[in-house]
Amino acid sequence: MHSVYIHIPFCSHICSYCDFTKLLHLEPFVDDYLENLQQEILDNYDGERLKTLYIGGGTPSCLTRKERIKLFQILEIFIKDSDCEYTIECNPRDITEEFLDDIVAAGVNRISIGVESFDEENLKILERKADFKDLEKKIELIKNRGIDNINIDLMYALPNESLKVLKEDLKKFIKLKVAHISTYSLMIEDHTKLGNSKIDYVPTELDAKMFDTICAKLKKNGFIHYEVSNFALPGFESKHNLNYWDNGEYYGFGLGASGFKAGFRYTNTRNLREYNEGNYRKENELMSYKDMMDNELMLGFRKLKGINVDEFYEKYGENIQDVFPKINDYLKSGDLIYKKGYLSIPEDKIYVMNEILVNIL
């Protein structure tokens, strides 16, 4: 147990596509929330030394300075390794000298910036704001503070988006010279503004072409495609997210947060009133051995490196090919490969990963 996720649900604006647990930033709500977040941590954290700590949302960077300092004081409860990967998510417009002073003082050493796109039409659809020149300056500010581990998010396959628009975005993303890029094909979720607008997805063929374009362009510029949606310069792979994909245990604290501890997968309530009354947990399910092996497969095959066969056996005392016999069929067809002790989906088949997984399971 070496990882902690902290959820800060507050946002200065609700984006059209967002299905995460979120609410508008109102100061009276934040104070109560942070008090209860502290209590949840005190009630459940067992003092493990952390290798990763991740503050997500919502928009953690929308907190006022007073709220931000209070949050960091609460997080001092955790015992962190000297090289703990300590990440905070932020919006481009929230990156100020003061914000950077505070996060550096708290020990944050990784920043994830929700850019999504620089295209005006895309930004209108997403109801977001991003300016390339402005962000270029802010990334320099971040680096001048000694933080080189910077991620930016790219969203693609938006309604009416062309391959030309995506290529322009990619050109600008690469020009920002960051160490990590996360890419997401637009998911239109129910109960979001986009979901309620009944907008359509782009054709599957275009989505696939966009995915291939992203892979080729980023690899050409030195990025390693290490997980379905994630690309990093060597040594800058996200340790926190790799723990998820390795099916490792982790704490999740905060409204709507999820965790995995001692064989239980739990999810917190998304109801702020319930949370502030101390009723944190909504679901708490003991995973069966089969459930855990299924998760090992679903999460592990997201990594381009795949699943270590020996480690699977050490964890579960069973051969992965005996548990999932269809693996042998996929090895024969070439839809799975075995190399240096790892089973993986070849990169040219990773786009249809879900179809392969469903059949194996």
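Determine, yes or no, whether residue 241 is without any contact (Cβ under 8 Å) to a residue 12 or more places away in the chain and among the polar types (S, T, N, Q). Let's see the steps before the verdict.
Details: without any contact (Cβ under 8 Å) to a residue 12 or more places away in the chain: no; among the polar types (S, T, N, Q): yes.
In short, no.
Checking residue 351 against (1) over 22 Å from residue 249 (Cβ atoms); (2) at pLDDT 95 or above; (3) aromatic (Phe, Trp, Tyr); (4) surrounded by 15 or more Cβ atoms within 10 Å (Cβ to Cβ): exactly one of these is not met. Which one?
So the condition that residue 351 fails would be (2).
Please find, within region 269-300, the residue that is farthest from residue 49 (Cα to Cα) out of those that are in contact with a helix residue (DSSP H, G or I) (Cβ under 8 Å, 6 or more places away or on another chain) and in contact (Cβ under 8 Å) with a residue 60 or more places away in the chain.
Step by step, filter region 269-300, then rank; the result is 272.
Would you say residue 144 is surrounded by fewer than 19 Cβ atoms within 10 Å (Cβ to Cβ), polar (S, T, N, Q) and at pLDDT below 95?
Working: surrounded by fewer than 19 Cβ atoms within 10 Å (Cβ to Cβ): yes; polar (S, T, N, Q): yes; at pLDDT below 95: no.
So residue 144 does not fit the description; no.
With the structure loaded, tell me whether residue 161 is buried (at least 19 other Cβ atoms within 10 Å of the Cβ), touching a residue at least 24 places away in the same chain (Cβ under 8 Å) and more than 23 Å from the chain's Cα centre (by Cα) or whether it fails that test. It would help to see each step written out before you state the result.
Values: buried (at least 19 other Cβ atoms within 10 Å of the Cβ): yes; touching a residue at least 24 places away in the same chain (Cβ under 8 Å): yes; more than 23 Å from the chain's Cα centre (by Cα): yes.
Yes; evaluated as a whole, the condition is true for this residue.
Here is a list: 198, 239, 209, 219. Which entry is more than 16 Å from residue 162 (Cβ to Cβ), surrounded by 14 or more Cβ atoms within 10 Å (Cβ to Cβ) and basic (Lys, Arg)?
Working: 198 fails: surrounded by 14 or more Cβ atoms within 10 Å (Cβ to Cβ); 209 fails: more than 16 Å from residue 162 (Cβ to Cβ); 219 fails: surrounded by 14 or more Cβ atoms within 10 Å (Cβ to Cβ).
Criteria check complete, one pass: 239.
Scan region 57-83 residue by residue and report those that are of a type in the set (Lys, Arg), under 16 Å from residue 25 (Cβ atoms) and in contact (Cβ under 8 Å) with a residue 24 or more places away in the chain.
Quick first cut of region 57-83, residues of a type in the set (Lys, Arg) only: 65-66, 68, 70, 80.
Next, from what is left, pick out any that are under 16 Å from residue 25 (Cβ atoms): 65-66, 68, 70.
Result: 65, 68, 70.
Would you pick out the residues in region 47-106 that are among the acidic types (Asp, Glu) and under 24 Å from residue 237 (Cβ atoms)?
The initial filter retains those residues of region 47-106 that are among the acidic types (Asp, Glu), namely 48, 67, 76, 81, 83, 85, 89, 94, 97-98, 101-102.
If the condition is that a residue be among the acidic types (Asp, Glu) and under 24 Å from residue 237 (Cβ atoms), then 48, 81, 83, 85, 89 are the ones that fit.
In this structure, is residue 350 assigned to a helix (DSSP H, G or I), aliphatic (A, V, I, L, M) and within 18 Å of residue 247 (Cβ to Cβ)?
No: the conditions fail for residue 350.
The values are calculated or read from the model by the stated rules, or taken from the named source; none is laboratory data. Everything numeric in this text was worked out from a predicted model, so none of it was measured. Every residue, glycine among them, receives a Cβ derived from its backbone with ideal geometry; neighbour counts consider all protein chains shown.
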